[in-house]
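The values are calculated or read from the model by the stated rules, or taken from the named source; none is laboratory data. What you are looking at is a predicted structure, and each value in this text was computed from that prediction instead of being measured. Because the Cβ atoms are built from the backbone with ideal geometry, glycine has one as well, and the counts that use them run over all protein chains shown. Please note that ligands, DNA and RNA were not included when accessible areas were found on the heavy atoms of the full protein model with its side chains. Shrake-Rupley method; radii C 1.70, N 1.55, O 1.52, S 1.80 Å.
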Amino acid sequence: MEISTNVSKIKYAIRDILISAKEVEKTGKKLYYFNIGDPDKYDFDTPQFLKDALVEAITVDKANYYSESMGDSELRTEIVNRQKRLWGTELNPEKILVTAGVSEAISIISGSMAPGTEVLVPSPVYPSYLSYFTFHDICGIEYNTQESLDWQPDIDDIRNKITPKTQALLIINPNNPTGAVYPPKSVKAITDIAGEYNLLVISDEIYDLLTYEGGYKSTASLTDVPVLELNGISKTLLSPGWRLGWANLRDEDEKYSHLWEAMNKQSRIRLCANSPIQKAVAKVLNNDMNFLIEVNRKLKERATYFAKRINEMEGLSARIPQGAFYSFPRIDLPIDDTEFVLKVLKETGVVFVFGSGFGALGKQHFRSVVLPEIKVMEEALNHFELFMKNLNLSVK
Ligand SMILES: Cc1ncc(COP(=O)(O)O)c(C=O)c1O
């Protein structure tokens, strides 16, 4: 059978690196997995209230049936309540599509746009966007973010990259892979451009409650332009394996009703998202989220520690992350980032992800999670530091 040429073009560096990691592991080397943004792989756990709600969902509520394709109506109402409670935005429950994680929402959106459509995406970017776009012949056009300004978006570059084919613009805030949190005025500047050029704003807010200093605001709360918001429970409810996310369209003038219908049409062919999980999440989505104070405290401490250790190593530098759980250090050495990451893996057992897997501005960088406990990071970074000392002969 011939294989789809579009499949051969897709990549997902965050998991692709595991193929090499498993080879190294077979040699008996201890590995430090710093590649996947999964808090449950470290000392974070899904809140007990969510676990209890799932037991109740399958026993008392017997929510073992298929749900509506667009999602359980109780959950959609709770999503409306969540966004109102947290950010003051008014959503329409009929414009919420519940998906198997934000990943499925990205797939459905990409599959709904006409081939050849241009979508502006930040560079560096979470790789699923570029891969799903490639798969569906959508052109992801990267706009710069500025490392020297803690990876804030370059507003002029966004303007310069707009062409007659540009239909949408993606914001990932808080950001994966850079750990940046955009101040409301930057988000407003971007949405103003979207308004001026008639672009749909796609706003990935999956890390919305994971910021270390506050100051974050949801995109839709800052503008009246149409916003297609993406969110889910993987990160803020510490439950990535539950696979639950959603897309919601805030589009008062119904400019994008054709897109919404296309997305719903696709959602019907995959029947529905997982019903018990939807039922459980509906019960707790608007619970007190005070457990996140401790989560953010730990993340800030770990992110600061990681960046400090990196900045002590010659040839490397890192901005201090402000949210999410990643650091994206720069490699100022005459070595390609993929080669660097593979060398680090083989010699130290530390699994980072090569930055070029995150688009053009990812080159000469690598991504690490800042999720492990300090003592684990310390052990891994001690090996890494030694490796860097031996490599340090040829700083650019
Ligand atoms: C920015 C961003 N969007 C989407 C996703 C996918 O999330 P989900 O687990 O909901 O599919 C991730 C996962 O790391 C992410 O970092």
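Which one, 37, 71, 88, has the greatest fluctuation when you compute a Gaussian network model over the chain with C-alpha springs under 10 angstrom?
Greatest mean-square fluctuation among the candidates belongs to 88.
Using all Cα-Cα distances in the range 239-323, what percent lands in each 5 angstrom bin from 0 up to the longest?
Once binned at 5 Å, the Cα pair distances of the range 239-323 give 3, 10, 11, 12, 12, 12, 11, 11, 10, 6, 2.
Would you mind checking the tilt of helix 184-197 against the longest principal axis of the Cα atoms of the chain, expressed as 0 to 90 degrees and rounded to 10?
In the chain, helix 184-197 runs at an angle near 60 degrees to the longest axis.
Given the convex hull of the Cα atoms of the range 305-396, what is a quarter of its surface area in nm²? If you can, show how the numbers build up before the last one.
Details: hull surface 21.9 nm².
For the range 305-396, averaging the hull's shadow over all directions gives 5.5 nm².
Could you tell me the relative contact order of the range 50-284? Use alpha-carbon pairs under 8 Å, at least six residues apart, and round to a whole percent. Present the calculation step by step, with values, prior to reporting the outcome.
Numbers: 435 pairs, mean separation 71.7, N = 235.
Taking the mean separation of contacting Cα pairs over the length of the range 50-284, I get 30 percent.
Rolling a 1.4 Å sphere over the protein heavy atoms, what is the accessible area per residue of the range 50-284, to the nearest Å²?
Details: 8650 Å² over 235 residues.
Here the residues of the range 50-284 average 37 Å² of exposed surface.
Taking the Cα atoms only, what angle lies between the long axis of helix 101-112 and the longest principal axis of the chain, rounded to 10 degrees?
With rounding to tens, the tilt is 70 degrees.
Among bridges DSSP assigns within the chain, what percent are antiparallel (round to 5)?
Values: 20 of 40 bridges.
Of all bridge pairs located within the chain, approximately 50 percent are antiparallel.
Can you figure out the FRET efficiency of residue 373 with residue 84, using R₀ = 45 Å and their beta-carbon distance, to the nearest 0.05? Can you show the working numbers first?
Values: r = 36 Å, r/R0 = 0.80.
In this case the efficiency is close to 0.80.
Can you tell which of 103, 368, 20 shows the greatest fluctuation in a Gaussian network model of the chain with Cα springs below 10 Å?
20
Counting only Cα atoms, I'd like the Rg/Rh figure for the range 214-284, Kirkwood definition for Rh.
Details: Rg = 14.4 Å, Rh = 14.2 Å.
That ratio equals 1.01.
Determine the share of the range 127-176's accessible area contributed by carbon and sulfur atoms, expressed in whole percent, with a 1.4 angstrom probe. Intermediate results must be reported in sequence, preceding the final value.
On the way: 970 of 1950 Å².
Looking at the range 127-176 in its full context, I get 50 percent from C and S.
Given a 1.4 Å probe and heavy atoms of the protein chains only, how would you sort 308, 298, 188, largest accessible area at the top?
On the way: 308 115, 298 40, 188 80 Å².
Largest accessible area first, the residues go 308, 188, 298.
Accessible area per residue for the range 286-334 in Å², computed with a 1.4 Å probe and the full protein assembly in place, what is it? Spell out each step's value before the answer.
Details: 2060 Å² over 49 residues.
I get 42 Å² per residue for this part.
Largest first and to the nearest Å, give the Cα extent of the range 1-60 along each principal axis.
Rounded to whole Å, the extents work out to 47, 37, 17 Å.
Let me test this: with uniform point scatterers at the alpha carbons of the range 50-284, what is the Debye-based log₁₀ I(q)/I(0) at q = 0.10, 0.13, 0.14 1/Å?
Rounded to two decimals, the profile gives -0.44, -0.75, -0.87.
Could you tell me the distance between the Cα centroids of the range 1-60 and the range 93-127, to the nearest Å?
21 Å
Among 264, 287, 35, which one shows the biggest mean-square fluctuation in a GNM of the chain, springs joining Cα atoms closer than 10 Å?
287
Taking the range 1-114, how much of its Cα-Cα pair set, in percent, is spaced more than 22 angstrom apart? List each step's numbers first, then the result.
Working: 3962 of 6441 pairs.
Roughly 62 percent, once rounded to a whole number.
Calculate the translational D of the range 116-183 in whole µm² s⁻¹ from Stokes-Einstein, where the hydrodynamic radius comes from the Kirkwood formula applied to all Cα pairs, the temperature is 25 °C and the viscosity 0.890 mPa s. Numbers along the way, then the final one.
Working: Rh = 12.2 Å.
For the chosen part, D equals 202 µm²/s.
If you average the sequence gap of Cα pairs under 8 Å that are 6 or more apart and divide by the length of the chain, what percent do you get for the contact order? It would help to have the intermediate numbers written out before the result.
On the way: 772 pairs, mean separation 93.5, N = 396.
In percent, rounded to a whole number, it is 24.
Taking N as the number of residues in the range 190-232, what is its Cα Rg relative to 2.2 N^0.38 Å?
Scaled against compact globular proteins, the figure is 1.23.
Tilt of helix 291-311 relative to the longest C-alpha principal axis of the chain, in degrees (0 to 90, nearest 10)?
Once rounded, the angle reads 30 degrees.
Give 95/188; 62/255; 41/346; 165/185 a once-over and call out the pairs whose C-alpha atoms are over 30 Å from each other. Display every interim value, and only then the final one.
Numbers: 95/188 23 Å; 62/255 39 Å; 41/346 22 Å; 165/185 27 Å.
In this structure, 62/255 lie more than 30 Å apart at Cα.
Cα convex hull of the range 48-105: how many Å³ per residue?
Working: hull volume 6.4 nm³, N = 58.
Normalising the Cα hull of the range 48-105 by residue number yields 110 Å³.
P(r) for the range 137-262, please, calculated from all Cα pair distances in 10 Å bins and given in %.
12, 42, 36, 10, 0
Compute the Kirkwood hydrodynamic radius of the chain, taking the inverse of the mean of 1/r over all pairs of distinct Cα atoms, and give it in Å to one decimal.
Computed over the chain, the radius equals 21.7 Å.
Name the chymotrypsin sites (Phe, Trp or Tyr not before Pro) in the range 17-81 that are in a loop by DSSP and that have at most 15 other C-beta atoms within 10 Å, would you? Don't skip to the answer; put the middle values down first.
Values: sites: 32, 33, 34, 42, 44, 49, 65, 66; in loops: 34, 42, 44, 65, 66.
Answer by residue number: 65, 66.
For the full complex of protein chains and a 1.4 angstrom probe, list 55, 102 by accessible area with the highest value first.
Values: 55 85, 102 15 Å².
Solvent-accessible surface, decreasing: 55, 102.
Can you give the accessible area of residue 235, probe radius 1.4 Å, in Å² rounded to 10?
Accessible area of residue 235: about 30 Å².
Would you work out the relative contact order for the range 1-106, in percent, from Cα pairs under 8 angstrom that are 6 or more residues apart? Walk me through the numbers before you get to the answer.
Working: 38 pairs, mean separation 16.7, N = 106.
Value for the range 1-106: 16 percent.
What is the calculated FRET efficiency for residue 257 to residue 51, with r their C-beta to C-beta distance and R₀ = 45 Å, to the nearest 0.05? Spell out each step's value before the answer.
Details: r = 38 Å, r/R0 = 0.85.
Calculated value: 0.70.
What spacing in nm lies between the two simple spin-label points modelled at residue 64 and residue 386, each 7 Å away from Cα in the Cβ direction?
5.3 nm
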